[in-house]
Amino acid sequence: MSGRVSYARIYEVVKSIPEGRVATYGQVAALADIPGHARQVGYALNALPDDSGIPWQRVINARGEISRRMDPQYEWIQKTLLEEEGVEFDARGRVPLSEYRWQSGGDGGADLGDE
DNA sequence: GCAGTGACTAGTA
DNA sequence: ATACTAGCCACTG
C-alpha cells in the first residue's frame, strides 16, 4: 500500500459511524488503531472520492466544528449533510459533542453511560 | 532523501 | 472565551 497506515481501516471506522452521530478525527484514528494520527485521518478522507459511499461528513474536529478545507464550500456541504441526518448545530455552527459524539463500540456501552 | 503541506490536537498566553 | 505555537506524522514533488 501507499503508506503504512491502513486507509481501509480508517474507512471502515468512518463507515461504522451510525447515522445522526459524529466522531472526531482523533477518535477515528484511535479506533483505526492509529491513535495520535488524527491528521492522517483527514488526509485519508481528502483522498476519498465523493462517490465512495463513505460518510466522511460525520467526521469533525475535536472542537465539534467542521474543519476548514482548501475549498470552503465543503463546509456548507458537510453541514447540510449532517443536518439531513438529524444532527443539530448550535448558534456557533458547532455540534455539541456531548450529545452527538459517537460512542464506539456499540459495545453496549458497558460503561460509557457517562460522557 | 529533504522540504513543504495539511479535513488535527493539546498546551500556553 | 479566543489566538497563537509547537508537536505530530504521512503524502507529494
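None of the figures in this text is laboratory data; all of them are computed from the coordinates on show. Remember, it's a predicted structure, so these values are computed and weren't measured experimentally. Cβ: placed from backbone, ideal geometry, glycine included. Neighbour counts: every protein chain shown.
Classify segment A:11-78 from the C-alpha gyration tensor, please: rounded if a/c falls under 1.5, else prolate or oblate depending on whether a/b exceeds b/c. Rounded shape, in that the Cα axes give a/c under 1.5. Note on chain A: GNM, Cα springs under 10 Å; of A:D50, A:D71, A:D33, the largest mean-square fluctuation is that of A:D71. Exposed loop positions in chain A were taken to be trypsin sites (Lys or Arg not before Pro) whose DSSP state is not H, G, I, E or B and which have at most 15 other beta-carbon atoms within 10 angstrom. Between these positions, the longest stretch is A:5-62. Normalised by the number of residues in segment A:1-73, the mean separation of alpha-carbon contacts (under 8 Å, six or more apart) gives a relative contact order of 34 percent.
Oblate is the label for chain A, because the ratio a/c of its alpha-carbon gyration tensor axes (a ≥ b ≥ c) is 1.5 or higher and a/b is not greater than b/c.
Go ahead and set up a Gaussian network model of chain A, Cα springs under 10 Å, then flag whichever of A:G64, A:G53, A:G36 fluctuates most. Highest fluctuation of the listed residues: A:G53.
Of A:A44, A:A32, A:A23, the residue with the greatest mean-square motion in the GNM of chain A, using alpha carbon springs below 10 Å, is A:A44.
Run lengths n ≥ 4 of DSSP H only: what is the helix-derived mean residue ellipticity at 222 nm for chain A, with -39500 (n - 2.57) per run over all residues, to the nearest 500? Before the final figure, lay out each step's value.
Details: 5 runs with 42 residues, N = 115.
So the helix-based figure for chain A works out to -10000 deg cm²/dmol.
Between A:P18, A:P72, A:L82, the Cα set farthest toward the positive side of the dipole of chain A (charges on each charged residue's Cβ, about the Cα centre) is that of A:P72. The residue list A:N46, A:I60, A:A91 was ranked by how far each Cα lies along the charge dipole of chain A toward its positive end, using unit charges on Cβ atoms, and A:N46 comes out on top. Placing +1 on the Cβ of every Lys and Arg and -1 on the Cβ of every Asp and Glu, with nothing else charged, gives chain A a dipole about its Cα centre of roughly 540 debye. A cut-off under 11 angstrom between Cβ atoms defines the neighbours of A:R21, and their net charge, with Lys, Arg +1 and Asp, Glu -1, is -1.
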